[in-house]
2 protein chains.
Amino acid sequence: MMGQLTSSEIENLLQSQSICRLACCEKGLPYIVPVSYYYDGSHIYIQTLRGRKLDILRQNHHVCLQVDQILSMNQWKSAHVYGLFEELKGETETAARAAFINSVYTLMAPSVTHTFGHDTQAQLDDRQRLKPVLFRIRITQKTGRFENPEPAKASIP
Amino acid sequence: MMGQLTSSEIENLLQSQSICRLACCEKGLPYIVPVSYYYDGSHIYIQTLRGRKLDILRQNHHVCLQVDQILSMNQWKSAHVYGLFEELKGETETAARAAFINSVYTLMAPSVTHTFGHDTQAQLDDRQRLKPVLFRIRITQKTGRFENPEPAKASIP
């Protein structure tokens with residue numbers, strides 16, 4: 001059985017996960033990358049090293065995020081978040097970074113890298129020398145769907 | 001430690017998984033959806049009910065697929081596949097569908113739905129009455145990255 005998640009089910013899904021897939025577009029060419037995120041109930045926060053996705057997002061702010069729990073092919077929940085990229089600066093960035101790190105990296109070693117980028121080794125070396133950039137998604141729409149296995153039919157006694 | 005997957009590691013990752021995230025673009029707006037896929041070493045095959053992603057792909061054939069194995073935030077593999085949407089018809093479709101079903105649904109109940117779409121209930125009802133569409137991705141580029149935990153430093157005896 002398939003159906004749509006309610007608003008509260010979408011909120012629960014977004015709150016319960018820490019990795020999403022982010023899609024963006026560069027002149028009609030799609031790009032997608034898994035990233036860790038923090039959702040404060042209002043915005044989605046993402047920290048990234050400099051690289052292709054940041055270059056694209058600075059040009060085209062439209063973002064589609066997808067978060068899921070896939071237990072099997074016929075038992076899953078999936079939410080879409082549509083929104084706009086907003087790079088954070090100054091005090092807003094400082095406060096958001098503290099909340100982000102507290103949320104996402106509580107159980108992780110300090111050396112952990114928190115993007116799953118797809119750049120060349122040279123780009124990667126450069127990026128590792130640079131400070132991560134924190135941005136958030138101003139959400140414009142959220143949708144969600146689910147599928148559960150069909151319940152077994154009662155047998156005739 | 002982060003690095004790039006070799007060609008054979010990318011092939012192994014694509015062969016070992018059955019769910020990917022597909023991103024496409026509709027007039028500068030990204031869209032992303034998890035889908036099951038079958039990779040025959042040459043093309044990526046995907047079956048879908050009619051809906052938003054098919055509408056977009058018929059307009060803009062550019063696709064970015066992302067396949068991963070995420071064990072933790074600092075232990076993961078991720079591959080990108082870039083390519084072009086090709087809708088299948090006739091004998092090509094028949095042969096590909098048999099291989100697809102054999103690959104993806106061997107262990108699944110016949111009633112299982114094999115997309116993770118995000119359309120309205122009315123669209124969903126319509127789609128369930130229609131025959132799934134099989135398409136493939138003509139691959140133009142594959143890339144892959146990994147991250148492993150830093151090895152523990154040897155202690156001084």
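Buried accessible surface for the A/B chain pair comes to about 4100 Å², total over both chains, computed with a 1.4 Å probe.
B:S72 label points, 7 Å along Cα→Cβ, one per copy: pairwise distances from this copy to the rest in nm, shortest first? For B:S72, the inter-copy label distances come out at 2.9 nm.
Taking only protein heavy atoms and a 1.4 Å probe, the accessible area of segment B:31-80 is 41% carbon and sulfur.
Inter-copy label distances for A:N12: 3.9 nm (label point placed 7 Å from Cα along Cα→Cβ; shortest first). Each of B:A98 and A:T140 was given a label point 7 Å from its Cα along the Cα-to-Cβ line. The distance between the two points is 4.6 nm.
Pull up the cross-link candidates among the lysines for A:K142, meaning alpha carbon to alpha carbon under 20 Å and not fewer than 8 places away within one chain. In chain and number order, the partners are A:K77, B:K27, B:K53.
If you add up the charges near B:S103, with Lys and Arg at +1 and Asp and Glu at -1, over every other residue whose beta carbon is less than 15 angstrom from its beta carbon, what do you get? Display every interim value, and only then the final one.
Details: positive: B:R97, B:R136; negative: B:D40.
With Lys, Arg at +1 and Asp, Glu at -1, the net is +1.
Each copy carries a label point for A:E91 at 7 Å from Cα toward Cβ; from one copy, the others' points are 7.2 nm away, ordered from shortest.
For every other residue with a beta carbon closer than 9 angstrom to the beta carbon of A:N74, add +1 if it is Lys or Arg and -1 if Asp or Glu, then tell me the sum. Charge balance in the 9 Å sphere: -2.
The values are calculated or read from the model by the stated rules, or taken from the named source; none is laboratory data. Quick caveat, the model's predicted, so the values are computed rather than measured. Backbone-built Cβ (ideal geometry, glycine too); neighbour counts: all protein chains shown. For the accessible areas, the whole protein counts, side chains as well, though only heavy atoms, and no ligand, DNA or RNA atoms are used. Shrake-Rupley method; radii C 1.70, N 1.55, O 1.52, S 1.80 Å.
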